[in-house]
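What follows is one structure encoded as structure tokens, with my remarks underneath.
The values are calculated or read from the model by the stated rules, or taken from the named source; none is laboratory data. What you see is a predicted model; the values in this text were computed from it and never measured. Here Cβ is always computed from backbone atoms with ideal geometry, including for glycine, and neighbour counts include all displayed protein chains. Each accessible area value is taken on the protein alone, full model and side chains, heavy atoms only, with ligands, DNA and RNA left out. Shrake-Rupley method; radii C 1.70, N 1.55, O 1.52, S 1.80 Å.
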Amino acid sequence: MEMIGLPSFLLDVSSGSDGQGSYRFSHISGQHERETGIDGAALIGKAPHDVLPERMADTVVANYERCRVSGQIESYEEILELPTGPRWWRTTLSPIFGSGANGPVTQILGVAVDVTEANKLEIELTQKLSAQTAAAEKVRAFATNSILDSKSPLRSVLAHLDMLRDGFLDLGDGKLGNIDSIHNIVVTAISELDEVLQSTSHLRESPPEFVQIDLAHMCRDIAALVDPESRISMSLPNQPIEGDWAVTQVVLRCLLEQATSRAVSSISVAVEESDANILGVTITDDSAFEQGAAEWGGDMAMAASLVKERGGTLTTTSCLNDGAPVRVTLPGRMCHADCSEMQAEAG
């Protein structure tokens, strides 16, 4: 582990009477200490719940348990609040068997790569792309309106030419031919404007490219950041989805931060397909939230901007009985057969 040159850790694994695994840190590499700021000696022999905030411990143990049950290598991205600040990691867990490949998992070797800068860049580029998309849409709308505005006077010219032709006496000086030439020029111009108008769709944003998102993992990580001590009871979705990873990450984190700041004791997050390639996410907390719409918008400006630029919607309501639900729609879809099979294989 010390020779790998990457942050790594070793877990001792045992199975409890309830069939759940029990985990204790056996070794923490020097590179792990240097990059995370965590004192390895303070972890040795300890269980995650002994040394980590409760919700962070819950989410890392869920990853360890998946590796133990599947007996397969597990690789995933996670965001953890560390002494050096929140960092993104690409973590790979490798099971070690006590009695050959068919024996029980007795240890797990974890190796992590810091991908914080790459993920921050992706989120930053997504936000910039959203701004450019909005600007391009404004250009498209302006161009379309300009074309429509130009066609009206041209049609008026045609109407006047028709009136001029009516009863026009050609004296052989070629003026009738001039009228016909003007008529043909105007007709051609209108036709070309129509072609441009029909082709303005190329200025629109291309259909979104979806990636698979482990929504349960993403929500657990965000919950560990916004409520590390598990003050709030959270009901989180476990369905995998396909969508824009960066937009989903930014919007969910923003909305969960807001919900945590309001909630009295509970938050629920639900996701469903609201239309073809459209996902609806509803985040509800148990507060009787009474801020006005302007304050909502100010609190969630970044999320609202991303949602709008992706063609989605963000609505908020407040009720003394039902708390403060926020509903967001975004391009995306639920993972069905293929994703479910993959999840089952992963344990």
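GLY174 fulfils the conditions (1) modelled with pLDDT of 70 or more; (2) open to solvent by 40 Å² or more (accessible area, probe 1.4 Å); (3) out of contact with any helix residue (DSSP H, G or I) (no Cβ under 6 Å at 6 or more places or on another chain) except for a single criterion, (2). Taken over region 93-117, residues that are under 15 Å from LEU10 (Cα atoms) and open to solvent by 20 Å² or more (accessible area, probe 1.4 Å) amount to 9. Right, THR59: in contact with a helix residue (DSSP H, G or I) (Cβ under 6 Å, 6 or more places away or on another chain) and either in contact (Cβ under 8 Å) with a residue 60 or more places away in the chain or not assigned by the TED database to the domain that holds HIS217 (or both) or not? Yes; evaluated as a whole, the condition is true for this residue. Considering each residue of region 255-270 in turn, none proves to be in contact with a Pro (Cβ under 7 Å, 6 or more places away or on another chain) and in a loop (DSSP other than H, G, I, E, B).
Of ALA337, ALA294, all but one fail to be of a type in the set (Gly, Ala, Ser), farther than 17 Å from ALA259 by Cα and modelled with pLDDT under 75; the exception is ALA337.
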